[in-house]
Structure formats: C-alpha cells, structure tokens
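Peer 1: Can you keep this structure in mind? I'll have questions shortly.
Readers should treat all values here as calculations from the given coordinates under stated rules, not as data from a laboratory. Only a predicted model underlies this, so the values are computations on that prediction, with no experimental measurement involved. Please note: Cβ atoms are built from the backbone with ideal geometry, for glycine as well, and neighbour counts cover all protein chains shown.
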C-alpha cells in the first residue's frame, strides 16, 4: 500500500507530527512524553491495520475485475458493511452484470448473423443453380420455340432473385434500425388499393375473386409504402395457396380500441405444425414441396410490429387461412 503516493505522504507527515508531539511531551514531563509515544503508536498501528484491510479489499476487487475482463464466467464479491467501499462494490457488480449481458447479446447477434448469412447463401444458391442448368440446356437446344421457353424461365428466375435480394436488403435495414417509418394518417381504402394494385392482373388471369369490405372513414397511422409492402406479402402467400379459381376477402373494422384488417382466402390453409413458425425468418414449412423462401411473412411481421401493431394467422375451420392485423388507437 506504500506504493500509493498519498499514503507515503501521509505516513511522512504523521511521522513528523508524532516526533514533534513526543518531543514536546518530554519537554513538559516524562509521563506526558510516554503517553504521546503510546498514543501515536496505537493510532499508527490502528491506521495501518485499517488501511491494509481496505487495500486488501480493493486489491480483491481489482482481481475480480481482471477476471471479468478475461471472460471469467463468475464474479465473487463478498458483501461488506455500509460505506464508500460497499457502494463501490455494488456499482462494480452492476457494471459487471451489464458487461456480461452485452457480451451475451453480442454472441447472440454474431450467431444470428452467421445463421442469416448461411440462409441467404442457401436461398440464392437455389435459383442460381436452376439458371445455370437452364443455360446449359439452352446452349444445346437448337429448337427456337423451346429456347424461348427456357429464356422465359431464366427471366422468371432472375425476377425471383431480384425480389429475394430486395427482401433481404429490407430485412437487413430493419434489423440495423436505419429505417425511419413515417407516422401519417392513412385512409384504409388508399392502403388496400395500393397493396392490391400489383396483383390485379395476376388474380384476373388465375380467376381469383377479390372481395373487400372497407369503411369509408377508417384511418390508421403509419408509413403507406411499408404497410402496403406488408399486406402485399400476405396477398402473395394467399395467391400461392389458392392457385386458380379462388377467392380472397379483405375486411377492415374500425373500433374505439384498434383498427383491424382481416385477410381471408379459401386456399389450402396451413399445416398444423407450421402455424407456430409462420412468421419465422427462412421457415418454409414441413412440406417438401413448399414454395417461397420464408422471407415474406417474416418481413411482414417485422413491419407491422415496428408500427406497434400485431399480426396473427390461423386456419379457417371451413377452408383457407385467416390473417388478422390490428393497430391500436
């Protein structure tokens, strides 16, 4: 502890004062001098013991902090009585727990990033492999009609890849928290019309009826572009489930507590074991023939939850699937 400059300075000052006090005591009389020696010696010994104990505790805290900095799993700090050292110990424990929580969060983020990169590579590999296979067939096929069919298939694959890459970029931006959502009043008719417009031709070609029940003055607050993106991902899922000659219903309800959007199709619905994982990223279902990449519904849920909304999905007892979106007032 004498390596501490303040302690050395105090010891020198205490020694000088003690010498002067003892000399003055002996000048008065011998008894006073002896009393001064005993008093200064007792005070010095008590101060030394007390200071040494404090420094021992501080050294112990330092060792524990060093263990934490070297990724030790546990921190052992004994409880002490009230005082400055106890407050210091308490603050160190809080700091250590906070550092440990941040380390665990960083580990989870690294694992999530690694898993996401592996999933992205797998998702991109599938259309790329198909495109390479079609290119090899295209090179060897002299028939002009068949070559045009193969070219159309390649074009479809590139469209899928473009959608996949754009969706992955949107997920990444949302994960990074760099997306700033607008919060403006949106008329529900405008939102549904914006969301359904890109699918009208496709639904007409596949003979899918679109039925809507929209209140005239229902308003929700949010970002029109992102919310329409979320609804489009649901509609895309419904269209894939229906196939041809189906029906999609969109029913909106305005209450004093929330605004609700229900999207109902009469397709095949979901497998029972898939229901808990529908909105999980990259989840494609237990069915080996399941189409899609497991991104659309995950992106949809992320957008809606960032708007403080909720989304659920279930099977209709009669037929098809029901998506229910709610935005609190």
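Peer 1: Would you compute, for the Cα atoms of the stretch 115-176, the largest minus smallest coordinate along each principal axis and list the three values in descending order, in whole Å?
Peer 2: For the stretch 115-176, the Cα extents along the three principal axes come out at 49, 17, 9 Å.
Peer 1: If you don't mind, there's one more thing I want to ask. Report, to the nearest 10°, how far helix 296-306 tilts away from the longest principal axis of the Cα atoms in the chain, using its own Cα long axis and a range of 0 to 90°.
Peer 2: Relative to the chain, helix 296-306 is tipped by roughly 50 degrees.
Peer 1: Something else about it: May I ask you to compute the full-extension gain from residue 107 to residue 173, defined as 0.36 nm times their residue separation minus their alpha-carbon distance, rounded to one decimal in nm?
Peer 2: Length gained between residue 107 and residue 173: 21.7 nm.
Peer 1: Determine, for each peptide in 185-196, 165-176, the mean count of other beta carbons within 10 angstrom over its residues, then list the peptides with the highest first.
Peer 2: So the peptides 185-196, 165-176, ranked by packing, come out 185-196, 165-176.
Peer 1: Let me ask something else about it. Applying a 10 Å radius around every beta-carbon, put 272-281, 139-148 in order of their mean neighbour count, most first.
Peer 2: Peptide ranking by packing, descending: 272-281, 139-148.
Peer 1: Just grab the label-to-label distance for residue 138 and residue 183, each label 7 Å out from Cα along the Cβ direction, in nm (one decimal).
Peer 2: 4.9
Peer 1: Want the number for residue 163 to residue 38: 0.36 nm per residue separation, take away the alpha-carbon distance, what's left?
Peer 2: Computed gain between residue 163 and residue 38 is 36.1 nm.
Peer 1: Calculate, in nm to one decimal, what residue 224 and residue 145 gain on full extension: separation in residues at 0.36 nm each, minus their alpha carbon distance.
Peer 2: Between residue 224 and residue 145, full extension yields an extra 24.1 nm.
Peer 1: Considering only DSSP beta bridges where both residues belong to the chain, give the percentage that are antiparallel (nearest 5).
Peer 2: Looking only at bridges with both residues in the chain, the antiparallel portion is about 85 percent.
Peer 1: Moving on. Arrange the following residues from fewest to most other Cβ atoms within 10 Å of their Cβ: 163, 226.
Peer 2: Lowest to highest Cβ neighbour count: 163, 226.
Peer 1: Where does the chain land at 222 nm, in deg cm²/dmol rounded to the nearest 500, when only DSSP H runs of n ≥ 4 count, each adding -39500 (n - 2.57), divided by all residues?
Peer 2: Computed ellipticity for the chain at 222 nm equals -21500 deg cm²/dmol.
Peer 1: Between the helical axis of 84-140 and the dominant principal axis of the chain, each derived from Cα atoms, what acute angle in degrees is found, rounded to the nearest 10?
Peer 2: Relative to the chain, helix 84-140 is tipped by roughly 30 degrees.
Peer 1: Nearest 0.05, what FRET efficiency do residue 58 and residue 28 give at R0 = 56 Å with Cβ-Cβ as r? Don't skip to the answer; put the middle values down first.
Peer 2: On the way: r = 41 Å, r/R0 = 0.73.
FRET efficiency, residue 58 to residue 28: 0.85.
Peer 1: Mind sorting out which of [x] 246; [y] 303; [z] 117 is the real volume of the Cα convex hull per residue in Å³ computed from the coordinates?
Peer 2: This structure yields the entry labelled [x].
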